[in-house]
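The values are calculated or read from the model by the stated rules, or taken from the named source; none is laboratory data. Because the structure is predicted, anything quoted here is derived from the model rather than measured. Glycine gets a Cβ as well: all are built from the backbone with ideal geometry, and neighbour counts include every protein chain shown. Just the protein is used for accessible areas: all its heavy atoms, side chains included, with ligands, DNA and RNA removed. Shrake-Rupley method; radii C 1.70, N 1.55, O 1.52, S 1.80 Å.
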Amino acid sequence: MNKFLLLLLTSFLFLLNFNPLQAQWTLGIRSNIGYGVCRDNGLSPITFKGARIEPGFDLEFTSPKLPHWHFSASGSIDIGYYEDATPPRLNFSTIAGFGLFCLEAKRDIRYDSLSRWHFCGGASISNLLWLSNNPKLNNASLTLSDFVLLDASLEARFSLSRRWELWSLGKFAPLGTAFRPGFSQIDNYTSDSEGTTNTYFSTYDWHIIGPCHIATGIGASFKLNGGNRLSLGYGWDYLTSRKAGPYKLQIASHSFLLQLDVRL
């Protein structure tokens, strides 16, 4: 799926007759730290809770041919350490997380330089690969899911002063696809002779799903010299596989957001 996203980005740049020497590039380095919960009914009917960290990057550019458009490629790796909901307490045995790659195009909706408000709307396509592992569950330990998300986004910024601004953003995926198993890891818990690895991918199918993802964020940014920017904020994210396969996957997180944007 990542090859498809790379092909999509390359084709779009050619359509723009893109010249990298004329573009304005911005590199964003970020880290999201917070609290996460996950539940895969094919693995266990209980919810796993724990701490998570998500380092990532954003590479954004604007072209003189389309001055009010912003195009970006971003990626991140999420790693969480989760506690089993069953006794004893503080039984942290599950490691779970995802790899994410995203292509996004945004356009300025309101860009009057005399106004304190700035609005931007856009759309993105993302590929998210989710993995979790609980070695205490033997053959039922490993789960895998792959998502392709089509998100619409809206961002608003309000300038408090020459240096400070407030921001808020929202994302919503009305449509997506999920690559999910047609079997339950629980059913294979005692299959010591074969193990679940023999059933991986042979029983996986792609499913088209309806509304499946929502993300929000609020925060403040401080403008540094040279057009650079430091941002702090809070974010909430929720993803579900809905009816993709017989066993639903749900992932949610609360995060403290920290990002440094550097103009290249």
For region 67-111, how many residues meet the condition of being among the small types (Gly, Ala, Ser), open to solvent by less than 20 Å² (accessible area, probe 1.4 Å) and either in contact with a helix residue (DSSP H, G or I) (Cβ under 8 Å, 6 or more places away or on another chain) or farther than 22 Å from residue 152 by Cα (or both)? 5
Find all pairs meeting these conditions: Cβ atoms under 8 angstrom apart; at least six residues apart or on different chains; first residue within region 126-140 and closer than 21 Å to residue 173 by Cβ and open to solvent by 60 Å² or more (accessible area, probe 1.4 Å); second residue hydroxyl-bearing (Ser, Thr, Tyr) and modelled with pLDDT of 85 or more. 129/145
Quick one: which of 64, 55 is surrounded by fewer than 18 Cβ atoms within 10 Å (Cβ to Cβ) and in contact (Cβ under 8 Å) with a residue 40 or more places away in the chain? 64
Close pairs from region 205-232: first in contact (Cβ under 8 Å) with a residue 12 or more places away in the chain and farther than 27 Å from residue 159 by Cβ, partner surrounded by 15 or more Cβ atoms within 10 Å (Cβ to Cβ) and of a type in the set (D, E, K, R), Cβ under 6 Å, at least 6 apart: 209/242; 212/242
Residue, surrounded by the most Cβ atoms within 10 Å (Cβ to Cβ), within region 204-226, restricted to residues that are more than 15 Å from residue 241 (Cβ to Cβ) and at pLDDT below 95: 223
Being within 23 Å of residue 175 (Cα to Cα) and in a strand (DSSP E or B) narrows it down to one of 52, 30, 39, so name that one. 39
Restricting attention to region 228-246, and to residues there that are touching a strand residue (DSSP E or B) at 6+ places or on another chain (Cβ under 8 Å) and open to solvent by 60 Å² or more (accessible area, probe 1.4 Å), which single residue is nearest to residue 172 (Cα to Cα)? 238
